[in-house]
Structure formats: structure tokens, C-alpha cells
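A.B. asks: Quick one: this structure, given as C-alpha cells, is what I'll be asking you about.
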């Protein structure tokens, strides 16, 4: 028996608001043909709960692209613990893994007991009791999803993470920009900042407690760092010209960014504590969109020094800058995979701007998305998915695709444009 | 570093609200702060006041030569937006008279300051477009400088693709969004 206290960060964020508005919903746009069949049986005793815990788990597993959960109406029976499971029933439905559970109220919160079974081996793989405060029911369901995902795939789950994004409405001088933070499934959104001037490029600190972003609220671009618990923030840079594209170093002590204070936009690294700057690029071209390698030893960035935007890598030790992308004439806004072996980027092809992955060893580039106006790829902390901004009709929406491109989904918003997604690090 | 502010006819009001303080949750565009100040309240997104970014002026490219008449009485030239070709920061010849009229106005009004707001269409990545918008505004800045305008009167601010003048995925819309606006 093990109790869970959902991470204090989420708890604190929840204190923030009853502002949950502009929630995003999810539409699966492409399922994976290699998804593993699973079943998540509705938890016994949870009928009157504000959230259907089994459904949240079902949706998470489906969205991952790794699993193909069985629709409830096809279930032959609904066991709530391992002793009740008739494995033959689930084998006949081709289900390989089965999740059962029981839910009850406990004090002001909830108690969830779940078990994961390997159907072919008729074996219990996992069993746990999770307690959750009143507002943490979905968080507990995400936690359980993470445990199930890892037990089956061996990959740490990223369902109990968050995304930051920007919503925008209006045109020209009549616009409203709002920075939100929401759960990774688009629910439980909370407003961080709202302004009539542009907000863009949110970036999570490695500890998940702070966001850096660009805001034009003074009618000039400036980079701010905001603590999500307290709401307190500082202005990190407000030089003349562009103050853009903040990116945290893996140790959280430095911020790479693009500044045009000396003419063309150049990459700088700011030491946050001392406010000292190292200039990384020195060219007569555009240098922007820096991203740190997971080991902190190099920076990926966009430069048009070859005539059009391409991705380059700056090695801190040698000071050398090497071009990485050669496929096509527009490759920009790169982000490393968490293992550092691949980069995700925006690639322009004859079909438009799409999310692509390039493996660093082979140099091979693979287009992952299939729309024409994709932007701002951001990689899940476990490397299994990429969230990005795309278009649906005339609206900007968020899309996500698995790192292998097999499965994808969208998170449409009820109104306005949604863009600039940033996936948080692991939060627990 | 402190930036000097030019007088800007729109968006003086910030609706910046940290979430702790901002409980009302007014999510719809517009808000209430601005309408009373500028007369830009409401409407379908065409603020008529001020900077000339509004859709209604987009078609009015014939203003270029007529603007000369405005300077005699010392007024700011009427046409305050010029447009660019795709992937280009070159000043199109039809807009040179517009720039010349602004240059004349700024020379004759040494205390006047202008912010050159550079914009791109929505294609491509946001921060890269921020850089392209700055390139366009700097191109105008150079033109003004060659015409004898003091650098201290001119400031460049790129908005990239963040403030489209029009919405939509077609060439006409893109053309309206690739622009530099003179904001006095």
C-alpha cells in the first residue's frame, strides 16, 4: 500500500484559480497501427465521482499512440480486482493488458485502488492504492496512467505533466493574448498572464516551477521569468530590439536567447544570477531559436547565414558551429529529443511547414505531421510525443504526433487561436 | 536598459494581469480599458483610430503622392503603412514617396519620434519571423537615415507575425500582413 500526494506544484497551481477556462478538448486524428490492445475497466464505486477515472486513463493510453483501449461496450464483464478477472474473457477479445480498480471517498478526498494484469501470462504486474485530495482526482488518474505506461513499455510516463500555450483573439490593434498552463491533456487550464500586446515563446525551467516568456506588454519585447507558484516575476532582459526565444539550460542557471541589441539577432547566454551575458554567435545574419542539448554541452539554433534558415549546433567546448540540416531550404526552430539523439524541427516542403524529426547520426529527416502550417514543436519529457501549433480551418489549434509519426491528435480550442505550446519537464 | 517611448496612438493601456490578481476572467477580446480612450472599442477588429494598421486602409495605396500636401501644414503624413514582397525587405518603388514624405516630416519636426513596426505574414516560425520583421523595419530606418532623419527620432520594433492586420491563409491576406507601420 502506497499513498500518493500529487506533486506540490500541481497542488499549488490548483490553488491559483477557479479560472479554468479555455480548456482544450482532444480529437484523435490518426491511431497507430501498432498499438497494443488494452482494456481499462470502469472503477467500481466511482459512479458519482466528478471524474471518470478509468476514462481518463483510457484516454491517456489511447492518446499516447502506444495503446488501443477496448471500448467499454465490448467488455464481457467488469471485474474490479484481480481475483475477479476471468482471463479467458479478455483473451477472447484480444486484450493483452487489463486495468481494473475500485474507487471510494476518504475524508475530503478519494482513495483509488488499481491493478494491472498481463492477460496472456494471467499475471498481476502492478497494484497500488492512491489517495488524492478533492481537486486532484484527474491528477491521480494521470499518475496511475504513468505507472501503467511505464510497467508495460519500460518508458517513463508523461501524462502527469503540463503544457504552457498562448491563446490569441482579434486582429491588428485589437488583440488579446493570454498565456495558459494546463494539464498535458489540455484540461484544468489556468491563466498565467493576459495582455493586449503579444506574448510568445514560453519555456519551462527544468524544475517545472518557472516559465520564461516574451511579452510586449511595455510595447517593446522583453523576456520575463515568472514563478508559477507565487505568480512573482522578474524582467530578465529588455534591450533595444529583439528580446526573444528564451531557452533554459538543463541546470536551470542560464538562459539562452536571441537579442538584436548589437544589430542583427544573435544568440546570447545569460547567467540568471549574475545577469552576465556570453555572446555565442557573431554573424551578419539572423541567429535565433536556441535550444540546449540535454547534456548542456551544445546549443541548437536557427541561422540564415547560408541564405535561408537552417539549423546549426554550437559546441561550447570547441566554440565550433556546425550546420546540421541540409534537406530543403527551410529548417528552423529545432528541439532535441531527451536522449539527445534526434532533433525535432519545422521543415518546409512543397506541402508547407511541417514538423519533422532528424536523427543526428544518420542525418535522415522524416516529416511527422501532415498539415501545412505547423509551428513550434515541443517534445514531451519522455520523448514519445511532440506537441506543436497547427491550423484547423481558420483557427490555430494544438496538435501532437508520436515521435515515430504513427499516431496523432489535436487539441482544438472553443474560440480564438491557440499556439506556442511548451511541454513541461517531469513534475514528480 | 530603459527604452524611450514614442508617442503611440493606440494600445496605451496594458491589460496585463498576473493570474493572482486577475480573477474576473474576461476572456473575450477587447476588454474594457481601451474603448474609452481611443474609440477603438468593439467592432469586428477594424480599429479606425490611429496608426493606420486597420484593414480599411490597406487598399488605400494611392495616398503616396497625395501625402505631400499634408506636410505644408506640418501634419504627419496620412499613409503610415507600406507593404513588402514575400521574403523581402526591399522598399518597393511605389512606396518611396511615402517614405520620403515621412522623412521630410521628421526632418522638419525634430522633436517628433516614430516607431517603425515591422510585420511578417504568418508563414514560418515565430521567432524567425520576429527577425524578418525587424529586417523590414531596419530597411525603412536606413531609407529615412539616408534622407537625413536623425537616428534619435527613429526606433525599430518588430512584431513578427504576432499582429496580423488580416486573417486567413491566402496570398491577399499575406500581402496585407507583410508591412511596416509608422507609429508616431
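A.B. asks: I'd like the full set of residues that are in contact (Cβ under 8 Å) with a residue 24 or more places away in the chain and within 29 Å of residue A:392 (Cα to Cα), limited to the stretch A:37-57.
C.D. replies: So the first thing to find is which residues in the stretch A:37-57 are in contact (Cβ under 8 Å) with a residue 24 or more places away in the chain, and the list is A:37-46, A:49-51, A:53-54, A:56-57.
Across the stretch A:37-57, the qualifying residues are A:51, A:56, A:57.
A.B. asks: State whether one or more residues within the stretch A:389-405 are surrounded by 17 or more Cβ atoms within 10 Å (Cβ to Cβ), touching a strand residue (DSSP E or B) at 6+ places or on another chain (Cβ under 7 Å) and within 20 Å of residue A:247 (Cα to Cα).
C.D. replies: yes
A.B. asks: Being closer than 26 Å to residue A:402 by Cα, in a strand (DSSP E or B), away from every other protein chain (no Cβ under 13 Å) and under 14 Å from the mean Cα position of the chain (by Cα), is that true of even one residue in the stretch A:165-181?
C.D. replies: No, the stretch A:165-181 contains no residue that is closer than 26 Å to residue A:402 by Cα, in a strand (DSSP E or B), away from every other protein chain (no Cβ under 13 Å) and under 14 Å from the mean Cα position of the chain (by Cα).
A.B. asks: Shifting gears a bit: Which condition number does residue A:3 fail, the rest of (1) outside any strand (DSSP E or B); (2) modelled with pLDDT of 95 or more being met?
C.D. replies: (2)
A.B. asks: I've got another one for you. Considering only the stretch B:164-179, I want to know if a residue exists there that is out of contact with any helix residue (DSSP H, G or I) (no Cβ under 9 Å at 6 or more places or on another chain), at pLDDT below 95, within 9 Å of chain A (Cβ to nearest Cβ) and not in a helix (DSSP H, G or I).
C.D. replies: Checking the stretch B:164-179: at least one residue is out of contact with any helix residue (DSSP H, G or I) (no Cβ under 9 Å at 6 or more places or on another chain), at pLDDT below 95, within 9 Å of chain A (Cβ to nearest Cβ) and not in a helix (DSSP H, G or I).
A.B. asks: Among the numbered criteria (1) in contact with a strand residue (DSSP E or B) (Cβ under 8 Å, 6 or more places away or on another chain); (2) more than 9 Å from chain A (Cβ to nearest Cβ); (3) in a loop (DSSP other than H, G, I, E, B), which one does residue B:149 miss?
C.D. replies: (1)
A.B. asks: Filter the stretch A:31-70 for residues that are assigned to a loop (DSSP other than H, G, I, E, B), farther than 13 Å from residue A:141 by Cβ and either within 24 Å of the chain's Cα centre (by Cα) or assigned by TED's automatic domain parsing to the domain that holds residue A:385 (or both) and give the result. Steps first, please.
C.D. replies: Step one: filter the stretch A:31-70 for residues assigned to a loop (DSSP other than H, G, I, E, B), giving A:31-35, A:41-43, A:45-52, A:64-66, A:70.
In the following step, the residues that additionally are farther than 13 Å from residue A:141 by Cβ were identified as A:31-35, A:41, A:45, A:47-48, A:64-66, A:70.
The answer is A:31, A:32, A:33, A:34, A:35, A:64, A:65, A:66.
A.B. asks: In the stretch A:33-63, which residues are touching a helix residue (DSSP H, G or I) at 6+ places or on another chain (Cβ under 7 Å), surrounded by 19 or more Cβ atoms within 10 Å (Cβ to Cβ) and at pLDDT below 95?
C.D. replies: A:46
A.B. asks: Go through the stretch A:362-385 and give me each residue that's in contact with a strand residue (DSSP E or B) (Cβ under 9 Å, 6 or more places away or on another chain), over 18 Å from residue A:407 (Cα atoms) and not in a strand (DSSP E or B).
C.D. replies: A:364
A.B. asks: Say whether the condition of being surrounded by fewer than 20 Cβ atoms within 10 Å (Cβ to Cβ) and without any contact (Cβ under 8 Å) to a residue 12 or more places away in the chain is met by at least one residue in the stretch A:367-387.
C.D. replies: Looking for residues that are surrounded by fewer than 20 Cβ atoms within 10 Å (Cβ to Cβ) and without any contact (Cβ under 8 Å) to a residue 12 or more places away in the chain, one finds none in the stretch A:367-387, hence no.
Conditions (1) surrounded by fewer than 20 Cβ atoms within 10 Å (Cβ to Cβ); (2) assigned by TED's automatic domain parsing to the domain that holds residue A:271; (3) within 28 Å of residue A:66 (Cβ to Cβ), marked per residue:
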site	(1), (2), (3)
A:183	no, yes, yes
A:213	no, yes, no
A:218	yes, yes, no
A:227	yes, yes, no
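A.B. asks: Now a separate question. I want to confirm something. Restricting to the stretch A:260-276 and keeping residues that are within 12 Å of chain B (Cβ to nearest Cβ) and either surrounded by fewer than 24 Cβ atoms within 10 Å (Cβ to Cβ) or modelled with pLDDT under 95 (or both), which single residue is farthest from residue B:114 (Cα to Cα)?
C.D. replies: Going through the stretch A:260-276, the residues within 12 Å of chain B (Cβ to nearest Cβ) turn out to be A:260-261, A:263-267, A:275.
Add one more test, that the residue is either surrounded by fewer than 24 Cβ atoms within 10 Å (Cβ to Cβ) or modelled with pLDDT under 95 (or both), and what stays is A:261, A:263-264, A:266, A:275.
Numbers: A:261: 18, A:263: 19, A:264: 21, A:266: 25, A:275: 31 Å.
Across the stretch A:260-276, the extreme among qualifying residues is A:275.
The values are calculated or read from the model by the stated rules, or taken from the named source; none is laboratory data. The model shown is predicted, which means the values in this text are computed figures rather than measured ones. Using ideal geometry, Cβ is built from the backbone for each residue, glycine included, and neighbour counts are taken over all protein chains shown.
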